[in-house]
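To start, the structure itself, in structure tokens.
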């Protein structure tokens, strides 16, 4: 059973731990703090810890956004997780296991954990809740959830309207985190398919790179729409093979997040694709990037996953050959465009 949050004067609102000090973690910390929750943030960078505590701003990853006084940053995980009831994991997928292992060492026995990280782990090809289930004892498994959906960090931090999905195998856990996150401008829908929700959130970043490339090459809006739609088909095929419900990909964490990331100006993955389409090399683009473009990192694990599952995924395959094998851009685009079309829904 998830622990209860009580906001009465006799039982003040319990603090929430936010693990991760990037733009998304900072935005969610601010959102929850505005709701009145005392927030303890675990942040890797010492200078960010100091800046948040002294100036109430994450100057590296979310500059210009003021954080409430009830957000406190730490570099010591034990201080963040001590006596905590609710944990929000928001670290990049390629660091997720390492940080989760450290978090688990200090996690109280009755705590609930929600992952807002998007990605697929290299080598294991697991999504984040699967990593949590591997790390945490079985007594925690009913209290694990995930959050995903079309949600740019800067817009959430500015309290602009957003709708997301909160998914868990346990409906009570989904409703528990729904209540924590829900606000008039932040609508949270519950879902029972955490695998599907996370697959949509991870793979849409790769599709956004492909769409950005097409836009950078000025291929037109027809091509953009085609890539988004066929990208959704690849995501659905992969998700179905992993046991997800195909209808999940018609929701916020599927088509909703895909459209936002492929078309929004705040999308780091789309912007990487735009620059690739304009002739820059991936090394030039990522060299000076402070914030992670998850699609670049997840293309390798996603490609390995499609081969493992035996799923046809020409867009993901093309992005892998471009980003990791140095295939010329024109050849990649030609390969994707020359893929023999079959039945649309197969």
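Every number here is computed from the coordinates shown, using simple stated rules; none is lab data. In this text the structure is predicted, and so the values were computed from the model without any measurement. As a convention, Cβ positions derive from the backbone with ideal geometry for all residues, glycine included, and neighbour counts pool all protein chains shown.
Points to keep in mind about this one:
- Near-label residues of the range 179-207 by backbone N, under 17 Å of a point 7 Å along Cα→Cβ of residue 138: none
- The range 72-108-the range 198-240 distance, computed between alpha-carbon centres (Å): 32 Å
- Dividing the helix sum by the residues of the chain, where each DSSP H run of 4 or more adds -39500 (n - 2.57), gives a mean residue ellipticity at 222 nm of -14500 deg cm²/dmol.
- Degrees between helix 314-324 axis and first principal axis of the chain (Cα, 0 to 90, nearest 10): 80 degrees
- Among 249, 186, 96: highest mean-square fluctuation, GNM of the chain, C-alpha pairs under 10 Å: 186
- Calculated FRET efficiency for the pair residue 101/residue 329, C-beta based, R₀ 41 Å, to 0.05: 0.60
- Stokes-Einstein D (µm²/s) once Rh is taken as the Kirkwood radius of the range 202-337 over alpha-carbon pairs, at 37 °C in 0.692 mPa s: 224 µm²/s
- Bridge orientation summary for the range 16-195: considering DSSP beta bridges with both residues in this region, about 15 percent are antiparallel.
- Using alpha-carbon coordinates, inclination of helix 93-104 to the longest axis of the chain, degrees: 20 degrees
- Rounded to 10°, Cα long-axis angle of helix 171-181 versus longest principal axis of the chain: 80 degrees
- Considering only 171, 63, 92, the Gaussian network model of the chain with Cα springs below 10 Å gives its largest mean-square fluctuation to 63.
- The simple spin-label model puts a point 7 Å past each Cα toward its Cβ; for residue 337 and residue 185 those points are separated by 4.3 nm.
- GNM flexibility winner over the chain from 290, 335, 154 (Cα, springs under 10 Å): 290
- With both residues required to sit in the chain, DSSP beta bridges show an antiparallel share near 15%.
- Per-pair calculated FRET efficiency, R0 = 30 Å: residue 226 and residue 192 via Cβ, rounded to 0.05: 0.45
- Semi-axis lengths (Å, descending) of the ellipsoid that matches the C-alpha gyration tensor of the chain: 34, 22, 18
- Sites residue 47 and residue 280, calculated FRET efficiency, Cβ-Cβ separation with R0 41 Å, nearest 0.05: 0.90
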